[in-house]
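Take a look at the following structure, please.
No lab work stands behind these numbers, since they all come straight from the coordinates. Remember, it's a predicted structure, so these values are computed and weren't measured experimentally. Don't worry about glycine lacking a Cβ; one is built from the backbone with ideal geometry, like all the others, and counts go over all protein chains shown.
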Amino acid sequence: MIKYDPKLYKIIKREEKRQKEGLELIASENYVSEAVLEAMGTVLTNKYSEGYPGRRYYGGNEIIDQAESLAIERAKKLFGAEHVNVQPLSGSPANLAVYMALLKPGDKVLGFSLDQGGHLSHGHPLNFSGLLYTIIPYFADKKTEVIDMDEVERIALKEKPKMILAGFSAYSRSLDWKRFKKIAEKIGAVTFADIAHIAGLIAGKQLESPIPYFDVVSTTTHKTLRGPRGAMIMCKEEFAKAIDRAVFPGVQGGPHDHINAAKAVAFGEALKPSFVKYSAQVIKNAKALAEAMQEKGYRVISGGTDNHLMLVDVFGSKQITGKEAEHALEIVGISINKNMVPFDPRKPMDPSGIRLGTPALTTRGMKEKHMKIVVSLLDKALMERNNPKMVKKIARDVRDFSVKFPVPGIK
Ligand code: DSN
């Protein structure tokens, strides 16, 4: 037991307390079930199993094969995918494998601009994607703050990228998968969707899936999908070999078998009707949260949300920078992250915005009416940030409110 390491035990207990007594509004975070936690803490971590079920480079893998095959089979059922690779260790390695499988260094990739909601692995200049490939960005419309698909088409026809990438880390509107596919067909580009943020909402039948249209789809498994920290790649059969080869031996060595087993557990949970209810509630809560923020005078980017997250222009609305807001909320126990807003005049380390999301609070059983209370606490924490007495009181209120909602796996 971890109790035999008292130093680490105390650290873990403190983190449990933080999670239980705080409000988790980071859009990419969630709480896994006890079953997922349990699978991660098993002897499956002891095994080496380079290769794939039935063709490994080490002996003794017949049982690991069964666990990995179960994860694959459940993921296929959950997403209706032709081929699934569950071995990617996390989102960026998964995306690296996709680039490796589909492109040659230097090839052009059309992706959503990073300062508007794209991900590091969609072309950041210091990331492998920006270093190895020629990234052509597309943007949101300045007025509506929504991606303008006519503009995407115009850029695609002009630049003729080899790959069109659709996906985001900070965008609150649905993507038009069919239109992306149509544009790609016009120029013979491959299509790659990164659904890391919304995979759970797709599995829970609340958002349209790109899988019927796109060649390759990657996702992390720990955000709305509520599985262990990791990733997977789904693709059409014709890309299966290239994807598998790119994951191993292209990018990775031995898979994390305990994590892959936990993925199987999470996919099993997501196949249950209760996950459909959960996903619907995540979106209802996000809409309620956005409305409550607007009622308090905060500008929500694009005027609302279709998914689990939103960007709020705290600088434009209240002259508080994203960094200040993140800090003021952290000290009362509300976790959020500072974030650029589209066409942000400020810098990434102290941008104009914050990003809020509801997957974690929804897992704790919160509903729309609770979102109003969350916003009232959040707003008070920002408005009273320079009043130490009030800050203490708000921190107590956050704690008293949070502990009413259990966190799976924490007593
Ligand atoms: N770091 C994740 C997020 O917060 O959106 C993306 O990988």
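Convert each backbone phi in segment 130-135 into a coupling constant with the Karplus relation 6.51 cos²θ - 1.76 cosθ + 1.60 (shift: θ = phi - 60°), then list the ³J(HN,Hα) values in order as whole Hz, x for Gly and Pro.
So the Karplus estimates, Gly and Pro as x, are x, 6, 9, 10, 9, 8 Hz.
Which value, in debye to the nearest 20, describes the size of the charge dipole of segment 173-299 about its Cα centre when Lys and Arg Cβ atoms bear +1, Asp and Glu Cβ atoms bear -1, and nothing else is charged?
420 debye
If R0 is 25 Å, what FRET efficiency do you get for Lys277 and Ser174 from their C-beta distance, rounded to 0.05?
0.80
Still on this structure, please answer the following. Treating only the Cα positions of segment 208-255 as identical point scatterers, give the base-10 log of I(q)/I(0) from the Debye formula at each q in 0.21, 0.23, 0.28 Å⁻¹.
Each listed q maps to, in turn, -0.84, -0.94, -1.07.
Does segment 350-411 come out rounded, prolate or oblate by the C-alpha gyration tensor, with a ≥ b ≥ c the root eigenvalues, rounded set by a/c under 1.5 and, if not, prolate when a/b is larger than b/c and oblate if not?
Values: a/c = 2.05, a/b = 1.38, b/c = 1.48.
The shape class here is oblate.
Here is a follow-up. Run lengths n ≥ 4 of DSSP H only: what is the helix-derived mean residue ellipticity at 222 nm for the chain, with -39500 (n - 2.57) per run over all residues, to the nearest 500?
Per the formula, -13000 deg cm²/dmol.
Going by amide H atoms built from the backbone, whose H comes under 5 Å of the H on Glu82, apart from near neighbours?
Cys235
How much of the DSSP beta bridge set in segment 154-231 is antiparallel, as a percent to the nearest 5?
Values: 1 of 9 bridges.
Roughly 10 percent of the beta bridges in segment 154-231 run antiparallel, per DSSP.
Now for a different question. Calculate, axis by axis, the spread of Cα positions in segment 151-259 along the three principal axes, and write the results as whole Å, longest axis first.
Largest first, segment 151-259 extends 45, 32, 22 Å along its Cα principal axes.
Take the cross-link list Lys158/Lys182; Lys20/Lys393; Lys17/Lys287; Lys108/Lys182; Lys13/Lys284; Lys10/Lys263 and give me the ones stretching past 22 Å between alpha-carbons.
Those over the limit are Lys17/Lys287; Lys13/Lys284; Lys10/Lys263.
Place the peptides 116-128, 391-403 in order of packing, highest mean first, counting for every residue the other Cβ atoms within 10 Å and averaging per peptide. It would help to have the intermediate numbers written out before the result.
On the way: 116-128: 19.9, 391-403: 16.8.
Going from most to least packed, we get 116-128, 391-403.
Ok, one more. Enter the per residue convex hull volume of segment 224-379, computed from alpha-carbon coordinates, in Å³ rounded to the nearest integer.
For segment 224-379, the hull spanned by Cα atoms encloses 168 Å³ per residue.
Please tell me which of these pairs span more than 19 angstrom C-alpha to C-alpha: Lys143/Lys296; Lys181/Lys272; Lys372/Lys392; Lys178/Lys236; Lys143/Lys372?
Working: Lys143/Lys296 22 Å; Lys181/Lys272 30 Å; Lys372/Lys392 21 Å; Lys178/Lys236 16 Å; Lys143/Lys372 28 Å.
Check vs 19 Å cut-off fails for Lys143/Lys296; Lys181/Lys272; Lys372/Lys392; Lys143/Lys372.
For segment 118-208, treating each Cα as an identical point scatterer without solvent, what Debye log10 I(q)/I(0) comes out at q = 0.17, 0.20, 0.21, 0.23 1/Å?
Calculated log10 I(q)/I(0) at the listed q: -0.78, -1.07, -1.17, -1.34.
If you don't mind, there's one more thing I want to ask. Based only on Cα atoms, what Rg/Rh ratio does segment 161-210 have, Rh being taken as Kirkwood's radius?
0.99
Hey, fewest Cβ within 10 Å first, where do Met234, Met366, Met349, Met390 land in order?
Met349, Met390, Met366, Met234
Right, next: Roughly how big is the chain's charge dipole about its Cα centre, with Cβ charges of +1 (Lys, Arg) and -1 (Asp, Glu), in debye to the nearest 20?
On the way: 61 positive and 47 negative charges, 220 e Å.
I would put it at about 1060 debye.
Next question. At 37 °C and a viscosity of 0.692 mPa s, what translational diffusion coefficient does Stokes-Einstein give for segment 293-411, taking Rh as the Kirkwood radius over Cα pairs? Give it in µm²/s as a whole number.
Answer, rounded: 222 µm²/s.
Note the direction-averaged projected area, equal to a quarter of the hull surface, for the Cα convex hull of segment 52-175, in nm². Could the numbers behind the result be given before it?
Details: hull surface 38.6 nm².
Result: 9.7 nm².
Continuing with the same structure: Evaluated at 10 °C with a viscosity of 1.306 mPa s, what Stokes-Einstein diffusion coefficient in µm²/s does segment 26-75 have when Rh comes from the Kirkwood expression over alpha-carbon pairs?
On the way: Rh = 12.7 Å.
Using the Kirkwood radius from Cα pairs, D works out to 126 µm²/s.
Output the Cα-based Rg and Dmax of the chain in Å, rounding Rg to one decimal and Dmax to a whole number.
Just the Cα atoms of the chain yield Rg and Dmax of 21.4, 63 Å.
Here's another thing I want to ask about it. In nanometres, what is the gap between the two model label sites at Ile410 and Ile26, each 7 Å from Cα along Cα-to-Cβ?
Once both label points are built, they end up 1.3 nm from each other.
Right, another one. Rank by packing, highest mean first: peptides 62-73, 251-262, 138-149, with packing defined as the count of other Cβ atoms within 10 Å averaged across residues.
251-262, 62-73, 138-149
Okay, moving on. How would you order 37-46, 352-361, 198-207 from highest to lowest mean count of nearby Cβ atoms within 10 Å?
Answer by packing, highest mean first, reads 352-361, 198-207, 37-46.
About the Cα centre of segment 1-115, how large is the charge dipole given +1 on each Lys and Arg Cβ and -1 on each Asp and Glu Cβ? Please answer in debye to the nearest 20.
With only Lys, Arg, Asp and Glu charged at Cβ, the dipole is about 280 debye.
Something else about it: Given the options Ile243, Pro212, Gln116, identify the residue whose Cα lies farthest towards the positive end of the charge dipole of the chain (+1 on Cβ of Lys, Arg; -1 on Cβ of Asp, Glu).
Result: Gln116.
What ranking do Tyr52, Tyr9, Tyr133 get, fewest neighbouring Cβ atoms within 10 angstrom at the top?
The most exposed by this proxy come first: Tyr9, Tyr52, Tyr133.
Under a straight-distance cross-link criterion of Cα-Cα below 15 Å, which aspartates and glutamates are reachable from Lys389, leaving out those fewer than 8 residues away in the same chain?
Qualifying aspartates and glutamates at Cα under 15 Å: Asp397.
Work out, step by step, the length gained on full extension between Lys104 and Ala35: first 0.36 nm times the residue separation, then minus their alpha carbon distance; give nm to one decimal.
Between Lys104 and Ala35, full extension yields 20.8 nm more.
Taking the Cα-to-Cβ direction at Arg55 and at Gln319 and moving 7 Å from each Cα, how far apart do the two end points lie in nm?
Roughly 6.6 nm, to one decimal.
Towards the positive end of the charge dipole of the chain, with charges on Cβ (+1 Lys, Arg; -1 Asp, Glu), say which of Leu309, Ala286, Ile394 has the farthest Cα.
Ile394
I would also like to ask the following. Roughly what % antiparallel, to the nearest 5, for the DSSP beta bridges in the chain? Walk me through the numbers on the way to the answer.
On the way: 22 of 39 bridges.
Antiparallel bridges make up about 55 percent of those DSSP assigns within the chain.
Can you pull the one-decimal nm distance between simple spin-label points at Thr42 and Lys389, each 7 Å off the Cα toward Cβ?
The modelled label-to-label distance comes out at 5.6 nm.
Near Lys338, which aspartates and glutamates are there with a Cα under 13 Å away, not counting those fewer than 8 places off in the same chain?
Those aspartates and glutamates meeting the cut-off are Asp115, Asp313, Glu324, Glu326, Glu330, Asp350.
Taking 0.36 nm per intervening residue step and subtracting the Cα-Cα distance, what contour gain separates Glu368 from Lys241 on full extension?
Length difference between fully extended and current span is 41.2 nm.
What order do you get for Asp115, Asp150 when you list them from fewest to most C-beta neighbours inside 10 Å?
With the fewest neighbours first, Asp115, Asp150 line up as Asp150, Asp115.
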